[in-house]
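A short reminder: the numbers here are calculations on the coordinates, not readings from a lab. These numbers come from a predicted model, not from an experiment. Neighbour counts run over all protein chains shown; Cβ positions are idealised from the backbone, glycine included.
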Amino acid sequence: MTAKSRKRFEIHTAAEWIRDYGAGAENYVAPTLDATRVPKKLRSLVQIAAEWGIADDVTRNDKLDKLQPDDLKGLCYRIRRHKRALDRLIDEIIAKDPDDWTDEDRCFVFLGKCYCELSGTVYWMNKRRANKAVDPSPLTAPRNSRGSSRG
C-alpha cells in the first residue's frame, strides 16, 4: 500500500486514515528513547513511553483497540503507579516551547494522554463486569447512590 498525499486539515474516519494514509498500529515504529534524559523515577516507563506515547490519535487508539482486556489493565496499572511523577514531568515539558521538546518529552506527554484514555476504558470494563446494567459510555459521569455525579 502506498500512502496518499494528504491536504492540511483533511477530515477522515479512523479507518480511512489507516487504509489510505498509513496510520494505525501495524505501521507504527517506536522511537528509541534515551533513559538518561528522563527523571530516575520514570525510567522504568521509558519503553512504555516509546511504545504508547504516540502523538497520532488514530494510531494510538488502533493499538489500544487491539489489546486484550487484561493487557489494557496491566498497561494502565503500570502507568498509574508513576502517575504523580508523570504529571510533574508533563507540567515541566508543556511549560517549554514545543520546538524544544525532545523525543522523550513528546513520548511522555502523549503517554499521559494515552493513560487518560486508557484509564477511562479500564474503569468502564471493571464497572461492566461488576454490574452488567452500567452504561459503558465514557461521556456519562459515574453517579453515586443519590444520583449526583459528585462524591
- Note on the structure: Fewest-first ordering of 62, 97 by Cβ atoms within 10 Å yields 97, 62
- Could you please report the charge total around residue 65, scoring K, R as +1 and D, E as -1 over all other residues with beta-carbon less than 13 angstrom from its beta-carbon? -2
- Note on the structure: Checked against a 18 Å limit on the C-alpha separation, the offending pairs among 63/96; 63/113; 41/66; 41/83; 40/63 are 63/96; 41/66; 40/63
- Message: Taking a ≥ b ≥ c as the square roots of the Cα gyration tensor eigenvalues, with a/c under 1.5 meaning rounded and otherwise prolate when a/b beats b/c, else oblate, which class fits region 16-130?
- Response: oblate
- Query: Can you put 108, 9 in order, fewest other beta carbons within 10 Å first?
  - Reply: 9, 108
- Query: How do 46, 122 rank when sorted from fewest to most other Cβ atoms within 10 Å of their own Cβ?
  - Reply: 122, 46
- In the neighborhood of residue 18, defined by Cβ-to-Cβ distances under 10 Å, what is the net charge if each Lys or Arg adds +1 and each Asp or Glu adds -1? -3
